[in-house]
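These notes are about the structure you will find just below.
The values are calculated or read from the model by the stated rules, or taken from the named source; none is laboratory data. Please read all numbers here as calculations on a predicted model, not as lab measurements. Cβ sites come from the backbone with ideal geometry, for glycine too, and all protein chains shown count toward neighbours. For accessibility, only protein heavy atoms count, side chains too; no ligands or nucleic acids. Shrake-Rupley method; radii C 1.70, N 1.55, O 1.52, S 1.80 Å.
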Amino acid sequence: QVQLVESGGGLVQAGDSLRLSCAASGRSLRSYTMGWFRQAPGKEREFVGTISRTFGFTSYADSVRGRFTISRDNAKNTVYLQMNSLKPEDTAVYYCAASTMEESVRRIDYDYWGQGTQVTVSS
């Protein structure tokens with residue numbers, strides 16, 4: 001199986017940018033569709049974005065489309081989430097996850113999860 005470790009979270013002001021990293025070990029990310037999810041206190045873990053296994057197609061939640069970008073670096077076995085124009089409602093713990101599905105936005109389709117990294121956006 002693959003192990004995932006997120007990093008790059010922190011405290012920023014509204015309008016700022018952050019780049020989250022998800023470093024994989026044990027398996028190549030070429031074998032997985034990779035997703036980013038987030039969970040705010042008292043809320044369900046929700047889909048943020050994904051990059052598909054075979055073709056690298058990306059898709060995003062409506063709430064982040066145009067502001068967030070997913071990319072991957074196969075040489076580094078790392079997936080990134082570039083977050084621009086951050087808003088207070090983006091505050092959450094962000095998780096990366098790996099799926100053997102060709103593409104998916106559903107939590108249940110993701111088999112492997114990192115521990116999460118906290119992103120806090122102040123007004």
Where both partners of a DSSP beta bridge lie in the chain, what percent of those bridges are antiparallel, to the nearest 5? 90 percent
Taking N as the number of residues in the chain, what is its alpha-carbon radius of gyration divided by 2.2 N^0.38 Å? 0.97
Taking the dipole of the range 1-90 about the Cα centre (Lys, Arg +1; Asp, Glu -1; charges at Cβ), the one of Cys22, Gln82, Thr54 that reaches farthest to the positive side is Thr54
With a 1.4 Å probe and all protein chains left in place, how much accessible area per residue does the range 9-98 have, in Å²? 48 Å²
Quick note, the range 55-118: a/c under 1.5 would make it rounded; otherwise a/b > b/c is prolate and the rest oblate (a ≥ b ≥ c, C-alpha gyration tensor); here it is rounded
Build a GNM of the chain with springs between Cα atoms under 10 Å: which of Lys43, Lys87, Lys76 gets the top mean-square fluctuation? Lys43
Using a 1.4 Å probe on the protein heavy atoms, what percent of the accessible area of the chain belongs to carbon and sulfur? 46 percent
Quick one: length gained pulling Ser59 to Ser123 fully straight, 0.36 nm per residue minus the C-alpha distance? 20.3 nm
Which residues among the range 1-36 fall inside the zone where the amide N is under 16 Å from a point 7 Å beyond the Cα of Asp111, along Cα→Cβ? 1-4, 25-35
Which residues does the label zone of Arg45 cover in the range 73-94, counting backbone N under 14 Å from a point 7 Å along Cα→Cβ? 93-94
Can you list which of the GluC sites (Glu not before Pro) found in the range 1-94 are DSSP loop residues with at most 12 other C-beta atoms within 10 Å? Glu44
Defining a contact as two alpha carbons under 8 Å apart and six or more residues distant in sequence, what relative contact order in percent does the range 64-123 show? 32 percent
